[in-house]
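Data block below; observations after.
The values are calculated or read from the model by the stated rules, or taken from the named source; none is laboratory data. None of the values given here were measured: they were computed from a predicted structure. Cβ coordinates were reconstructed from backbone atoms using ideal geometry, including for glycine residues, and neighbour counts include every protein chain displayed.
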Amino acid sequence: MPATKKKERKRGGRWYEKYLPFIARSREKQIQWLIGAFRKRTLSRQEITPYVKLLLEEDDPEGLLLLREYLAGLDVAFLLELLRAADIYDTIKLLRLLPEVSIDEAIIALCKEPPPYEPAPEQVVDQVFQAVHDAKTGLLQEAGGKLLHSREAPAHFAGLYVRFLEILKDQELLSTLYPKARN
């Protein structure tokens, strides 16, 4: 075996493992790579965003269950960084995968803004609100109330938040009037 190949193995593997971290790696290895990228701070959040998208691209129910198990065992600080790096669409997926969403995670999600090219930004923001609402009872109201009184709230937040709360009240009223129509 040539000496260069031996040196390559000693230094940490093959070139594609270094430059294409999500190619031919398991879900667990992908998460470990992301943890290392956040710790080393070699990539900005915007540079990590495509890797988060690749991590969450799994459509297979078994793969999503496995990913949920991996996320459950991770450090809270890593999950916060993962949410910060995710775009608004992946934030919705992440909130549904996290076993327990904290108020800090909910606030990060609620601060996400839809991209300027999005044809229906209100619907995307509504999906974020719904994911936070579904994560834990009262979490949307707690995080939304906290965000309303802070300077972190994006410009679109107040109006869309109040509108979404009205939608939730309407849904609750309709479900009490027509309990069989709920499903």
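A few points about this structure:
- Test: residue in segment 42-49 that is over 20 Å from residue 147 (Cβ atoms), in the same structural domain as residue 140 (by TED's automatic domain parsing) and hydrophobic (A, V, I, L, M, F, W, C): no
- Among the residues of segment 23-57, those that are under 13 Å from the mean Cα position of the chain (by Cα) and of a type in the set (A, V, I, L, M, F, W, C) comprise 48, 52, 54, 55, 56.
- Top-ranked residue in segment 39-74 [being of a type in the set (Lys, Arg) and in contact with a helix residue (DSSP H, G or I) (Cβ under 6 Å, 6 or more places away or on another chain); ranked as nearest to residue 98 (Cα to Cα)]: 68
- Elements of the type helices (runs of 4 or more DSSP H) sitting completely within segment 85-183 and holding at least 1 residues that are of a type in the set (Asp, Glu), surrounded by fewer than 18 Cβ atoms within 10 Å (Cβ to Cβ) and outside the structural domain of residue 56 (by TED's automatic domain parsing): these cover 103-110, 121-135, 139-148, 157-177.
- Here 74, 65 are screened, and the one residue that is assigned to a helix (DSSP H, G or I), more than 28 Å from residue 157 (Cα to Cα), at pLDDT 80 or above and of a type outside the set (Val, Ile, Thr) is 65.
- Single condition residue 48 does not satisfy, out of (1) of a type in the set (A, V, I, L, M); (2) under 24 Å from residue 118 (Cα atoms); (3) part of a loop (DSSP other than H, G, I, E, B): (3)
- Residue match in segment 138-160 (condition: at pLDDT 90 or above and either touching a Ser or Thr at 6+ places or on another chain (Cβ under 7 Å) or among the hydroxyl-bearing types (Ser, Thr, Tyr) (or both)): no
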